[in-house]
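Quick notes on the structure that follows.
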Amino acid sequence: MLKQLINKLAQSPDVSWKRFKIGLVCFALSVVLILVGAQSFVLLQIPGLILLVIGLLIAARGYIGIVCYRLSQFKPPKPPPGL
């Protein structure tokens, strides 16, 4: 069951990588909005926090896909002959 889930999530590593990059950009923009809001206009922090959560979720989904792809490519080593 777990192997099937990992294989399902690992089907498209390119899409996972793209999701991770989009989430990372959203996260960076949200940090900028929060910092600008802290310095000048306080109401910019609210969309920054919303964008922060969205960016984290998108990046996490992409990262999970990347990790699942790496796990699906892992093959345990064969035992040496004679053991």
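Just so you know, all these numbers are worked out from the coordinates, no wet-lab data involved. These numbers come from a predicted model, not from an experiment. Backbone-built Cβ (ideal geometry, glycine too); neighbour counts: all protein chains shown.
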- Note on the structure: Residues of the stretch 1-47 being farther than 30 Å from K75 by Cβ, surrounded by 17 or more Cβ atoms within 10 Å (Cβ to Cβ) and among the polar types (S, T, N, Q), in sequence order, are S30, Q45
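Given the structure, is G55 more than 30 Å from M1 (Cβ to Cβ) and not in a helix (DSSP H, G or I)? Spell out how you get there, then give the answer.
Numbers: more than 30 Å from M1 (Cβ to Cβ): yes; not in a helix (DSSP H, G or I): no.
In short, no.
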- Query: Got a number for residues in the stretch 48-72 being surrounded by fewer than 16 Cβ atoms within 10 Å (Cβ to Cβ) and over 15 Å from the mean Cα position of the chain (by Cα)?
  - Reply: 3
- Message: Can you tell me which residue is nearest to the chain's Cα centre (by Cα) among those in the stretch 2-47 that are without any contact (Cβ under 8 Å) to a residue 12 or more places away in the chain and not in a helix (DSSP H, G or I)?
- Response: Q11
